[in-house]
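Step one of this worksheet: look at the structure below.
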Amino acid sequence: MNRKEQVLPEIRFPEFENEDKWEITTIGQMGTFYYGKSAPKWSLSKDAPTLCVRYGELYTKFGTIIKEVYSRTNIDPKTLRFSKGGEILVPRVGEDPFAFSNCSYLPFANIAIGEMISVYETEQDSIFYAYYFNTLSSQFAKVVEGQNVKNLYYVNLEPIKIGKPNSIKEQKKIASCLSSLDEVINAETEKLEFLREHKKGLLQQLFPKEGETQPKYRFPEFKNEGDWQETTLDAIADYANGKAHEKEISKTGKYKVVNSKFISTEGKVVKFSDSVNLETKIGDTLMVLSDIPNGKALAKCFYVDKDDTYTVNQRICKITTTGINNVFLFYQLNRNKYFLRFDDGAKQTNLRKDDVLNCPILKPTNPKEQVKIANTLVSANDLIIEQKQKIDSLQTHKKGLLQQLFPNINEVAV
């Protein structure tokens, strides 16, 4: 009789330390798959009668445990396939092979499942295995098929090796630990959204509406200051265009290259260079000049917070203030509606120097009011940054737990 392969996770809860090692089995041996059925985009409507899950939502809307189903379809229910409750949903189509492990546990029955989703049923703890699948990005990526649009067929998932704790109690304990951590992350994420909405509200109240010359809210000490002064960017700032760095990129470069991707990802995606083709200093505003139709990057701004750190790429401009508070101007320029009107929704938008410099600007005549508004917005933004860091720390903790609680079995069974 062949001895079964066994494995241990890096850490184990104390009450299970004397339990047997986990049995090494395969996804196919642990449960069964089926495919969802078509609920195309054209069939969706908020008034449609049937709740459904579509594969794209596994990437964009759902965590490991689905808390709410958002989409509805008017497709004839007889042609759909419905959940029983307790299944794991695996995306079948995507572009990034390492994203197919964005699997979700669906606790609800009678939800229509879209055709680009593989549905997995197991008699084991499904929440435990949903988290386990989240750790298998490398294994899933090895078995995808296709070039640009990639497919992950469940017949290719079935041979992947996984571990099985013999005790359902241990499975549930791990699932409970991770789901509790997710609840904390979700609560902190809701707080982040509240802080973002608060900042958005401040921007709406501290700056005049279009066609008006006074803001909705004014600090008490400035209520009698009168209308804000109308001017243009050309009158209060200097302009310079960034320059190409494509041939001067270096992984060990001293300077961060500020391009559209850097600004649109708030510095998360960054390239480096040892060349400074356009120098920046603290207080400069760097703005995206070019974007696709209806893009989210056009006129998005980055505030330079350090000297001798950044260099400006082409299709980015540098604004240096000469007659206005630099932070106050940054918040007024960022995604300003004046610039967004250049986007016709049909072709690439490219802002020219004159377009930028002709931007209308409103400013309080009292510099102290500019400073008060700037400081208020900076404080609101600091709270957002602090909250993001808190969430990042929790996500890092979760990533470490996933690596420690689930054994890494790299081979695919033959």
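The values are calculated or read from the model by the stated rules, or taken from the named source; none is laboratory data. Here the structure is a predicted model, which is why all the values come from computation and not from measurement. Every residue, glycine among them, receives a Cβ derived from its backbone with ideal geometry; neighbour counts consider all protein chains shown. What goes into the accessible areas is simple: the full protein's heavy atoms, side chains included, and nothing from ligands, DNA or RNA. Shrake-Rupley method; radii C 1.70, N 1.55, O 1.52, S 1.80 Å.
For (1) of a type outside the set (Phe, Trp, Tyr); (2) open to solvent by 20 Å² or more (accessible area, probe 1.4 Å), each residue gets a yes or a no:
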{"position": "Tyr131", "(1), (2)": "no, no"}
{"position": "Val144", "(1), (2)": "yes, yes"}
{"position": "Tyr153", "(1), (2)": "no, yes"}
{"position": "Ile160", "(1), (2)": "yes, no"}
{"position": "Lys164", "(1), (2)": "yes, yes"}
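For the structure I just gave you, tell me whether Gly226 is farther than 30 Å from Ser104 by Cβ, free of Cβ contacts under 8 Å to residues at least 12 places away in the same chain and not acidic (Asp, Glu). If you could, list the steps in order and put the result at the bottom.
On the way: farther than 30 Å from Ser104 by Cβ: yes; free of Cβ contacts under 8 Å to residues at least 12 places away in the same chain: no; not acidic (Asp, Glu): yes.
When the stated conditions are applied, Gly226 does not pass them.
Tell me the residue from Asp354, Asp382, Asp308 that is open to solvent by 30 Å² or more (accessible area, probe 1.4 Å), acidic (Asp, Glu) and closer than 26 Å to Glu230 by Cβ, please.
Working: Asp382 fails: closer than 26 Å to Glu230 by Cβ; Asp308 fails: closer than 26 Å to Glu230 by Cβ.
One residue alone meets the criteria, Asp354.
Those residues that are closer than 20 Å to Arg54 by Cβ, at pLDDT 95 or above and over 23 Å from the mean Cα position of the chain (by Cα), I need them from segment 102-143; list them, please.
Selection gives Pro107, Phe108, Ala109, Asn110, Ile111, Ala112, Ile113, Ser118, Val119, Tyr120, Glu121.
List the pairs whose first member sits in segment 355-374 and is under 13 Å from Leu329 (Cα atoms), whose second member is basic (Lys, Arg), and whose Cβ atoms are under 7 Å apart, counting only residues at least 6 apart or on separate chains?
Close Cβ pairs (under 7 Å, with a partner that is basic (Lys, Arg)) amount to Gln370/Lys363.
What are the residue pairs meeting all of these: first residue in segment 19-43, first residue under 18 Å from Ile168 (Cα atoms), second residue in a strand (DSSP E or B) and aliphatic (A, V, I, L, M), Cβ atoms under 6 Å, and 6 or more apart or on different chains?
Trp22/Val7; Ile24/Val7; Ile27/Ile160; Ile27/Ile162
Being of a type in the set (Val, Ile, Thr) and open to solvent by less than 10 Å² (accessible area, probe 1.4 Å) is the filter here, so list the residues in segment 280-300 that pass it. Quick ask: steps written out before the conclusion?
Taking segment 280-300 as the starting set, the residues that turn out to be of a type in the set (Val, Ile, Thr) are 280, 282, 285, 288, 292.
Scanning segment 280-300 gives Thr280, Thr285, Val288.
Kindly indicate whether Pro91 is modelled with pLDDT of 95 or more, crowded, with 16+ Cβ neighbours inside 10 Å and closer than 22 Å to Ile160 by Cβ. If you could, list the steps in order and put the result at the bottom.
Numbers: modelled with pLDDT of 95 or more: yes; crowded, with 16+ Cβ neighbours inside 10 Å: yes; closer than 22 Å to Ile160 by Cβ: yes.
Considered against the rule, which asks whether it is modelled with pLDDT of 95 or more, crowded, with 16+ Cβ neighbours inside 10 Å and closer than 22 Å to Ile160 by Cβ, Pro91 comes out as yes.
Do any helices (runs of 4 or more DSSP H) entirely within segment 271-364 hold 2 or more residues that are of a type in the set (Asp, Glu), and if so, which? Working first, answer last.
Working: elements: 326-333, 337-340, 353-357.
Correct list: 353-357.
Working carefully through the options Pro220, Pro208, find the one that is open to solvent by 70 Å² or more (accessible area, probe 1.4 Å) and out of contact with any Ser or Thr (no Cβ under 7 Å at 6 or more places or on another chain). So that I can check it myself, show each step before the final result.
On the way: Pro208 fails: open to solvent by 70 Å² or more (accessible area, probe 1.4 Å).
Checking each option against the conditions leaves just Pro220.
Which condition number does Gln370 fail, the rest of (1) assigned to a loop (DSSP other than H, G, I, E, B); (2) more than 29 Å from the chain's Cα centre (by Cα) being met?
Condition (1) is where Gln370 drops out.
Pick from Phe342, Phe328, Phe406: which is within 26 Å of the chain's Cα centre (by Cα) and among the aromatic types (Phe, Trp, Tyr)?
Numbers: Phe342 fails: within 26 Å of the chain's Cα centre (by Cα); Phe328 fails: within 26 Å of the chain's Cα centre (by Cα).
When all the criteria are applied, what remains is Phe406.
Pull up segment 1-27, narrow it to residues that are part of a helix (DSSP H, G or I) and open to solvent by 30 Å² or more (accessible area, probe 1.4 Å), then point me to the one that is farthest from Ser167 (Cα to Cα). Working first, answer last.
If we filter segment 1-27 for residues that are part of a helix (DSSP H, G or I), which is where we start, we get 14-16, 27.
Within this subset, residues satisfying the condition of being open to solvent by 30 Å² or more (accessible area, probe 1.4 Å) are 14-15.
Values: Pro14: 14, Glu15: 11 Å.
The residue in question is Pro14.
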